[in-house]
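Undergrad: This structure is in structure tokens; I'll ask about it shortly.
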Amino acid sequence: MNPAPSVIVFSSLTGLGFGLLAWLGLGIPDVTGAAAFLMYALGYGLALGGLLASTFHLGNPGNARKAFSQWRTSWLSREAILAVAALLIVAPYAFGRVFLGGAPAELGWLGALACVATVFTTAMIYAQLKTVPRWSTPMTPVLFLGYAVGGGALLAGQATLATILLAFLGVVQLGAWTLGDARFADVGSTLETATGLGAIGSVRQLEAPHSGTNYLLTEMAYQIGRKHAVKLRIIGFLFAIALPLLILQATPGGLLWMALAVVCHLVGVFATRWLFFAEAKHVVALYYGK
Amino acid sequence: MADTRIGARPSPKVSDEIRQTTCYMCACRCGINVHMQDGKVKYIEGNRDHPVNKGVLCAKGSAGIMQHYSPARLKAPMKRVGPRGSGEFEDISWDEAYDIAVGWLKPIRETDPKRLAFFTGRDQSQSFTSFWAQAYGTPNYAAHGGFCSVNMAAAGIYTMGGAFWEFGQPDWDRARLVMIFGVAEDHDSNPIKAGIGRLKANGGKVIGVNPIRSGYNAVADEWIGITPGTDGLFILSLIHELLKAGKIDLDYLGRYTNAGFLIRTDDPATADHGMFLRDDAGKPQVVDRATGALAVYDTPGVRPDLAADLQQDGKTYKPALQLLAEAYLDPQYAPEAVANRCGISADRIRAVAAELARVAFEEEITLDQPWTDWKGERHETMIGRPVTFHAMRGISAHSNGFQTCRALHILQILLGSVEVPGGFRFKPPYPKPPEAHPKPNAVGVPGQPLAGPHLGFPMGPEDLQLCEDGTPLRIDKAFTWENPFSVHGLMHMVISNAHAGDPYKIDTLFMYMANMAWNSTMNTSEVMKMLTDTDENGDYVIPHIIYSDAYSSETVAFADLILPDTTYLERHDCISLLDRPICEAEAAADAIRWPVVAPDRDVKGFQSALIDLGARLGLPGFVNEDGSQTYADYADYIVNHQRRPGVGPLAGWRGVDGTDEGRGDANPDQLQRYIDNGGFWSSHIPAEAQYYKPWNKSYQDWAVKIGLFDKAMPYVFNLYLEPMRKLQRAAEGHGSCQPPDHLRARIQATCTPLPAWYEPFEDGIVDRDEYPIHALTQRPMHMYHSWGSQNAWLRQITNVNRLYIPGKVWDEQGFEDGDWAEVTSIHASITVPVARMDALNPDTVWTWNAIGKRRGAWALGDGAPEAERGFLLNHLIHELQPPKGDGRRWANSDPITGQAAWFDLRVKIRRLPPEQVSQPAHEAQVSPVGTGPENVSYGEGF
Amino acid sequence: MTALPQSCEKKLGLVIDLDTCVGCHACVVNCKEWNTSNYGAPLSDTDAYGADPSGTFLNRVHTYEVTPDVGVPQIVHFPKSCLHCDDAPCVTVCPTGASFKRSEDGIVLVNEDDCMGCGLCAWACPYGARELDALAGVMKKCTLCVDRIYNENLPEEDRIPACVRTCPSGARHFGDLGDPDSDVSKLVADRSGVDLMPEMQTKPVNKYLPPRPKDTLLQDSAALELVATEPKGFLAWLDKALGAL
Ligand SMILES: Nc1nc2c(c(=O)[nH]1)N[C@H]1C(S)=C(S)[C@@H](COP(=O)(O)OP(=O)(O)OC[C@H]3O[C@@H](n4cnc5c(=O)[nH]c(N)nc54)[C@H](O)[C@@H]3O)O[C@H]1N2
Ligand SMILES: Nc1nc2c(c(=O)[nH]1)N[C@H]1C(S)=C(S)[C@@H](COP(=O)(O)OP(=O)(O)OC[C@H]3O[C@@H](n4cnc5c(=O)[nH]c(N)nc54)[C@H](O)[C@@H]3O)O[C@H]1N2
Ligand code: SF4
Ligand code: SF4
Ligand code: SF4
Ligand code: SF4
Ligand code: SF4
Ligand SMILES: [Mo]
């Protein structure tokens, strides 16, 4: 799949933002006043920034408001609704925390739930797509949630929590890669099934339907070299997981070290998220011999 | 939300009006419904009532809108201001354009009319352009047939009085087996596709013979991936097998062919060796099987004895069929003997022969349709042999093409499957034997029209067009000993001969609708140089070039004067029975084009421009006695011109009241009647005249009535082609018209009266180990030569062509996806992108034809892939064969017809890494029309 | 609503005969031509005359080479447009309700007035049947020519999809695949029509008829019986055969 910057930014930032907001909702850390303001600002900034980025991906953003209508079937619609709901639920809680010195814990929990659910719906947008076997596994929501809560914990300055969650995320990420690599073959889609010609023999593209490119090719037939992918996995894993863990464990901590860990993590998240798209092969690429 | 959805059964308005005319995105000439809205063309679909396409429309036809609104359309007459080839022009008025043309053409007409060479491309008004050229008086006129498919046309007409191509077709609805040789697309585009579809729906089968398994060969039930240039051998081997099995239609051969004609065989040294035994009136004779006596072949009641010899006056005569059997039963044609050369196993050859025989004789069909033959004999039924053949340039564009095509026709005839139900059927005005065609004329007299038409069918050395000293009369050397039966001329030789001044220099080269500086020429890079070459005075070696095109093609850049044509939706045209009509096997038909939209530029239909020019030159037929212009424009000519009394360009609605067909006075309302009828006219052949047309009395009478010919002319098919023997005989030293010595051996070897296979010339000349690979082109079904690339929709489908390389060569050389290659012929090298293909003859590479473009042409922008990565194979193909050491270079053409031997090409290949630019990379030409817009969203207006 | 209908009264769709398709692209271009000036936004082309031309098409023809384990490779031309799936994933993913499947005839459509151009439906489609138009920004797909098949401004015989009407070789068939007695259903039954990528569980309505067995002549044909092997023998046969006429 084409790793479109807007989509990477969208899914990475909203994940982190909602992750942070979720922890805040659970009272972790238990902040109020200016500190709360800063943290909520960060959370909202990330979530809203991400959501804004997603609209850059739209061909016809004028109709974006209609995206709230199809919650019964569409994960994207659910995500839109939940994202707004989460931000709305968290808002009074945050207001209380910042300006009133506190807010009902139940409201915080509800907000946290909404945030996590939002991340889950984001993940389900991808996980529902049978057409992209690498995505269409339960690993996808686990992975997205892992990034959200792990990154959120890091942003929330929770060294211990972050350490546990990042370690968990590390395992999930490695698992997702390993399982993901086999997914396409497991699903069994080949140019033979795609054309129904397998009964005759093995099928190979001789000539594409058009000499140049088209929407399908730019959007869904992105190809990344294997060597390239391995390199990026190492970088992504290092930055998103290994380095933050190292910082958390091997440095004295404190705001600067924490900030460094966050920056590393963010870089890593972008790299792994880029790979999440770039490595995912859409079955339509088969028709183009890719 | 539901309210914004379209209704459950939406019924939007389709258009304001439908205008019915004829497509021109290729020469198939389908009927189209042009939907107009707000005065603009909205949608084009096929006309369901039209005899050619019956409603369907191909990709090109469907993209007609984009062609009509192409940014590459020329806008006004132009005169060259930069050097030739640069593309720098200045717009001028039509008056100025005519003045310039008259300034060049008038003086040479009065002194030496042959100094005008007027050659036209694949236009559909050859009867008109040749009429003009005849009136002008130059012998140098032809259309493009010489480089196209003259072998097919000539072999068909000489052998059976009509050709495949667009002059005949398989009986698609009754055939059970269709064997297709060397066809990628053909002129009969939609009818062939429709035919294959119907055949398959009926459970019939297709055998495709082609080195490449694409298109029709992809859907063929059986694919014979033959080695290029060897079809003749394969066909003769099939004949060998059929003869051995006695699977030939003796009744048919005796009645409808010259199988029984007696041929002298006893003394090879005599002048009449190999000639027919004729009576005093010159009519060939046969032995009557019933009486054993000699008889003229067409005497009623006589059935020739195909098995008898005749000894008479110490001479021996044998029936043609016996000579044929002797020739082809020779072990050299046994399947084992030809298998390797053809790349087809002997078993497979035998299996094909058996299948042909099985379908022809065991699936015989009988129609309960009585008919009467030319001798008056009544037949209660029509016997059909449902096996039929089609072939095109794959067998014709080789230097052995004429004889290969003849061999194929002989195979059809031996099976008794020509003009019978389920077999091959002619389309009016065919059948028409060679004798019924005119003879060539090439003696130009200053200030006078030519004595007769330029092109015709020679019947022996006496009809060649040579000066007293034996030098050619025509610039293309047509009808000379080099290509005695070059019935379509040799357009591919005009530029190089004119440049070389061989046989003479010319003054003005006038071309119409042929991209001769690019894809229709051989040796493109050199031809571009010839067109721009100057003599010692700095003058162009070819002094003047006039060209008519509708678009900014490569050739435009090489002309001095441009006459801009309209697009096909903006002009009158006629698709005439005098020319290449739209007939079907069951009906005579012709059609028109008419301006369904008015041109928005200063352009003019070329034929109308030619009429204006003819009048300004005072050509007979174009001016009245008082010197005024005879025809206002082409529409006026179409309606009022009469070729023979009562016979004009259009056959429908003749007579002042429009009630006559075929023959009748001019009808001032004729074009409107055509428009009212959907743009065409058709008249059904009576049921009893539908088959056996060459020998069918009622067909012959109908053809006379409709004006196809003036008297009935039944004839028999030529298994044995005596005119060929006449050429051979001259080469042996008999007669007064003698070939030059250096051609004698070649004429003897190639002009055989029974087709023989000889290897393509290039095969014999190059070192086959060094150049081991055959290189071919194919037409893409969705592109018409070079025109398609200016079409915003079509060019997306193909804007880069790759050279397809067979798996064997691919692996040997270690090619990988994305690689390029250097391809070298004995003559030149090109650099091209490549791709692998396995469904391909292992010694053959190929590419799509005419995708490569010159930079700056066709209003395409910088970096257009057609110019960067597209390529032409033409650079590798020389118009002359490589030198042989005797200092002479023969044309790279069939030695009989002059057909350009495009497909004889042999190459070698070397792998190159990815990311190249195609070579040769010619410098850009300036576009006189700018480049196209960035984006297109055509439907916006509606 | 982007919920799929429980059931459809009809299942209109196409049957494409891979044994007959010659790969001419007529259906591709005629579809483009009809649809650029009818249903919804025009089908645009960007850099139309330049270095990288690209445009929206609702139907495209691929070419494949198929190599059997034994025997000669074959070429198959392979037209592909929306298959109007029964379980159309493109519909259910759509957040705006623009994509829908009609209960009356099973046609899957995009209501462009509602589409926000997110592209998710194209991601959900296994077959590459949806293309987002670069200039209009809305999702385009085969409409099964819904604006033709019921169009009372067209003669009855023309109320079929543009691609079917134009196909020169008759390789495209249109009809109700929900009715087992329809011509198209019979064709599918006779010729063992197949679904594309059945593992995607989309239950396509459109069916593909696989190419018939090819290159079987050597097995099928019986050798000719010889009457002669050289000219003399032939002459004897000829005499006899003529006598029998
Ligand atoms: N779409 C489209 N239609 C066209 C045209 C076009 O440009 N585009 N051009 C028109 C014109 S001008 C013409 S002349 C006709 C030509 O119509 P075709 O003759 O069908 O055209 P070509 O593409 O030259 O196809 C030649 C075929 O012969 C095969 N071939 C080459 N050598 C051999 C051989 O030795 N033996 C055998 N058996 N096969 C061989 C090639 O593989 C190829 O398939 O098409 C006309 N129709
Ligand atoms: N390598 C290779 N070369 C080949 C062949 C091959 O098989 N292989 N095939 C050969 C054959 S058979 C042929 S017929 C030739 C074809 O070659 P050409 O006859 O040169 O074919 P086109 O490219 O169509 O060029 C015709 C010109 O007519 C112009 N034109 C189009 N419409 C109109 C119009 O309405 N009016 C006027 N006045 N002009 C118009 C076009 O713009 C173009 O410049 O190519 C030959 N060249
Ligand atoms: S075959 Fe195509 S391009 Fe040629 S006349 Fe017919 S519709 Fe037009
Ligand atoms: S129009 Fe028919 S034959 Fe041509 S590509 Fe389409 S389906 Fe195939
Ligand atoms: S083919 Fe694709 S676009 Fe069409 S209904 Fe099926 S999934 Fe949807
Ligand atoms: S692109 Fe349009 S039709 Fe497709 S899912 Fe998005 S909103 Fe729905
Ligand atoms: S049914 Fe209509 S919209 Fe669909 S592919 Fe055919 S022509 Fe195009
Ligand atoms: Mo041609």
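FYI, it's all coordinate maths here, none of it is from the lab. On a predicted model such as this, the values are computed, not experimentally measured, just so you know. In this analysis, Cβ positions are derived from the backbone assuming ideal geometry, glycine residues included, and neighbour counts consider all displayed protein chains.
Undergrad: Look through region B:48-79, keep the residues that are within 18 Å of C:VAL29 (Cβ to Cβ) and in a loop (DSSP other than H, G, I, E, B), and return whichever of them is farthest from the other protein chains (Cβ to nearest Cβ). Please lay out each step first, then the result.
TA: Taking region B:48-79 first, the residues within 18 Å of C:VAL29 (Cβ to Cβ) are B:53, B:55-70.
Imposing the further condition that a residue be in a loop (DSSP other than H, G, I, E, B) reduces the set to B:53, B:55-58, B:63, B:69-70.
Working: B:ASN53: 8, B:GLY55: 7, B:VAL56: 4, B:LEU57: 5, B:CYS58: 5, B:ALA63: 5, B:TYR69: 11, B:SER70: 9 Å.
Selected residue: B:TYR69.
Undergrad: Identify, please: which residue in region A:124-148 is among the small types (Gly, Ala, Ser) and within 14 Å of another protein chain (Cβ to nearest Cβ) and is, among those, surrounded by the most Cβ atoms within 10 Å (Cβ to Cβ)?
TA: A:ALA127
Undergrad: Would you be able to say whether some residue in region C:103-115 is within 21 Å of A:ALA194 (Cβ to Cβ) and more than 16 Å from ligand 3 (Cβ to nearest atom)?
TA: Yes.
Undergrad: Additional query: Looking at region B:571-610 only, could you name the residues that are part of a loop (DSSP other than H, G, I, E, B) and free of Cβ contacts under 8 Å to residues at least 60 places away in the same chain? Please lay out each step first, then the result.
TA: Initial filter on region B:571-610 (part of a loop (DSSP other than H, G, I, E, B)): B:571-572, B:576-583, B:585-586, B:594-605.
Once the filter is applied, which keeps residues that are part of a loop (DSSP other than H, G, I, E, B) and free of Cβ contacts under 8 Å to residues at least 60 places away in the same chain, region B:571-610 yields B:PRO595, B:ALA598, B:PRO599, B:ASP600, B:GLY605.
Undergrad: Right, here's the next one. Report, by residue number, each residue of region B:852-873 that is buried (at least 24 other Cβ atoms within 10 Å of the Cβ) and either away from chain C (no Cβ under 14 Å) or touching a helix residue (DSSP H, G or I) at 6+ places or on another chain (Cβ under 7 Å) (or both).
TA: Across region B:852-873, the qualifying residues are B:GLY852, B:LYS853, B:ARG854, B:TRP858, B:LEU860, B:GLU866, B:PHE871, B:LEU872, B:LEU873.
Undergrad: With region C:102-174 as the region, which strands (runs of 3 or more DSSP E) entirely inside it contain at least 1 residues that are within 14 Å of chain A (Cβ to nearest Cβ) and among the β-branched types (Val, Ile, Thr)?
TA: Because the criterion is at least 1 residues that are within 14 Å of chain A (Cβ to nearest Cβ) and among the β-branched types (Val, Ile, Thr), the strands (runs of 3 or more DSSP E) in region C:102-174 that meet it are C:108-110.
Undergrad: Here is a follow-up. Wholly within region A:135-237, which helices (runs of 4 or more DSSP H) include no fewer than the required count, namely at least 1 residues that are within 30 Å of C:GLY23 (Cβ to Cβ) and in contact (Cβ under 8 Å) with a residue 60 or more places away in the chain?
TA: Ranges flagged: A:159-187, A:191-195, A:215-220.
Undergrad: Further question: For region B:391-412, does any single residue satisfy the condition of being away from ligand 4 (no atom under 16 Å from the Cβ), crowded, with 24+ Cβ neighbours inside 10 Å and within 14 Å of chain C (Cβ to nearest Cβ)?
TA: Taking every residue of region B:391-412 in turn, none turns out to be away from ligand 4 (no atom under 16 Å from the Cβ), crowded, with 24+ Cβ neighbours inside 10 Å and within 14 Å of chain C (Cβ to nearest Cβ).
Undergrad: Can you tell me which residues in region B:6-42 are facing chain C (nearest Cβ under 10 Å) and under 18 Å from C:GLU156 (Cα atoms)?
TA: Those that are facing chain C (nearest Cβ under 10 Å) and under 18 Å from C:GLU156 (Cα atoms): B:ALA8, B:ARG9, B:PRO10, B:SER11, B:PRO12, B:LYS13, B:VAL14, B:SER15, B:ASN33, B:HIS35.
Undergrad: Something else about it: Does region B:102-110 contain at least one residue that is out of contact with any Pro (no Cβ under 7 Å at 6 or more places or on another chain), crowded, with 23+ Cβ neighbours inside 10 Å and closer than 23 Å to B:TRP787 by Cβ?
TA: No: region B:102-110 contains no residue that is out of contact with any Pro (no Cβ under 7 Å at 6 or more places or on another chain), crowded, with 23+ Cβ neighbours inside 10 Å and closer than 23 Å to B:TRP787 by Cβ.
Undergrad: Can you name the condition, by its number, that C:THR63 falls short on among (1) surrounded by fewer than 24 Cβ atoms within 10 Å (Cβ to Cβ); (2) of a type in the set (Ser, Thr, Tyr); (3) away from ligand 4 (no atom under 13 Å from the Cβ); (4) in contact (Cβ under 8 Å) with a residue 24 or more places away in the chain?
TA: (3)
Undergrad: Those residues that are over 30 Å from A:PHE56 (Cβ atoms) and without any contact (Cβ under 8 Å) to a residue 40 or more places away in the chain, I need them from region C:132-178; list them, please. Before you say what the answer is, go through the steps one by one.
TA: We begin by selecting, within region C:132-178, every residue over 30 Å from A:PHE56 (Cβ atoms); these are C:144-178.
Selection gives C:TYR150, C:ASN151, C:GLU152, C:ASN153, C:LEU154, C:PRO155, C:GLU156, C:GLU157, C:ASP158, C:ARG159, C:ILE160.
Undergrad: Only one of (1) over 26 Å from the mean Cα position of the chain (by Cα); (2) under 16 Å from B:LEU905 (Cβ atoms); (3) outside any helix (DSSP H, G or I) is not met by B:THR777, so which one is it?
TA: It fails just one condition, (1).
Undergrad: Here are B:PHE164, B:PHE181: which of them is buried (at least 24 other Cβ atoms within 10 Å of the Cβ) and more than 9 Å from ligand 1 (Cβ to nearest atom)?
TA: Every option except B:PHE164 fails the conditions.
Undergrad: Could you tell me how many of the residues in region B:257-275 are more than 14 Å from every other protein chain (Cβ to nearest Cβ) and surrounded by 22 or more Cβ atoms within 10 Å (Cβ to Cβ)?
TA: Qualifying residue count, region B:257-275: 6.
Undergrad: Among the residues of region C:45-95, which ones are outside any loop (DSSP other than H, G, I, E, B) and of a type in the set (A, V, I, L, M)?
TA: C:VAL61, C:VAL66, C:ILE75, C:VAL76, C:VAL91
Undergrad: Give the number of residues within region B:104-118 that are more than 21 Å from B:HIS499 (Cβ to Cβ) and of a type outside the set (Ser, Thr, Tyr). Don't jump to the end; show me each part of the working.
TA: Looking only at region B:104-118, we keep the residues that are more than 21 Å from B:HIS499 (Cβ to Cβ), and these are B:106-107, B:109-111.
Applying the additional criterion that residues be of a type outside the set (Ser, Thr, Tyr) yields B:106-107, B:109-110.
Looking only at that region, the number is 4.
Undergrad: From C:LYS240, C:LYS203, C:LYS214, grab the single residue that is touching a residue at least 40 places away in the same chain (Cβ under 8 Å), among the charged types (D, E, K, R) and more than 8 Å from every other protein chain (Cβ to nearest Cβ).
TA: So the residue among C:LYS240, C:LYS203, C:LYS214 that is touching a residue at least 40 places away in the same chain (Cβ under 8 Å), among the charged types (D, E, K, R) and more than 8 Å from every other protein chain (Cβ to nearest Cβ) is C:LYS203.
Undergrad: Which residues, counting only those in region B:219-237, are assigned to a helix (DSSP H, G or I) and within 26 Å of the chain's Cα centre (by Cα)?
TA: B:VAL219, B:ASP231, B:GLY232, B:LEU233, B:PHE234, B:ILE235, B:LEU236
Undergrad: Filter region C:102-120 down to residues that are within 16 Å of ligand 7 (Cβ to nearest atom) and either under 22 Å from A:PRO209 (Cα atoms) or in contact with an Asp or Glu (Cβ under 8 Å, 6 or more places away or on another chain) (or both), then give me how many there are.
TA: So the count comes out to 2.
Undergrad: Quick check on my filter: what residues within region B:187-218 are surrounded by fewer than 24 Cβ atoms within 10 Å (Cβ to Cβ), part of a loop (DSSP other than H, G, I, E, B) and in contact (Cβ under 8 Å) with a residue 60 or more places away in the chain?
TA: Across region B:187-218, the qualifying residue is only B:HIS187.
Undergrad: Among the listed residues C:GLY55, C:GLY23, C:GLY71, which satisfies the condition of being more than 16 Å from ligand 2 (Cβ to nearest atom) and surrounded by fewer than 24 Cβ atoms within 10 Å (Cβ to Cβ)?
TA: Unique residue meeting the criteria: C:GLY71.
Undergrad: Related question: For residues that are out of contact with any helix residue (DSSP H, G or I) (no Cβ under 8 Å at 6 or more places or on another chain) and within 9 Å of chain A (Cβ to nearest Cβ), scanning just region C:71-91, find the one that is nearest to ligand 1 (Cβ to nearest atom).
TA: Result: C:PRO73.
Undergrad: Give just the number: which of (1) under 18 Å from A:TRP71 (Cα atoms); (2) of a type in the set (A, V, I, L, M); (3) within 20 Å of the chain's Cα centre (by Cα) does A:LEU88 not satisfy?
TA: (3)
Undergrad: Now a separate question. Could you please give the count of residues in region B:523-539 that are over 21 Å from B:GLY788 (Cβ atoms) and crowded, with 17+ Cβ neighbours inside 10 Å?
TA: Looking only at that region, the number is 7.
Undergrad: Of the residues B:GLN813, B:GLN790, only one is in contact (Cβ under 8 Å) with a residue 12 or more places away in the chain and over 19 Å from A:GLY212 (Cα atoms); which?
TA: B:GLN813
Undergrad: For the condition within 11 Å of ligand 2 (Cβ to nearest atom), away from chain C (no Cβ under 14 Å) and crowded, with 24+ Cβ neighbours inside 10 Å, what is the one hit in B:MET511, B:MET493?
TA: None of the others qualify; the one that does is B:MET511.
Undergrad: Quick one: is B:GLN796 touching a strand residue (DSSP E or B) at 6+ places or on another chain (Cβ under 6 Å) and either within 14 Å of chain C (Cβ to nearest Cβ) or at positive phi (or both)?
TA: Spelling it out, B:GLN796 is indeed touching a strand residue (DSSP E or B) at 6+ places or on another chain (Cβ under 6 Å) and either within 14 Å of chain C (Cβ to nearest Cβ) or at positive phi (or both).
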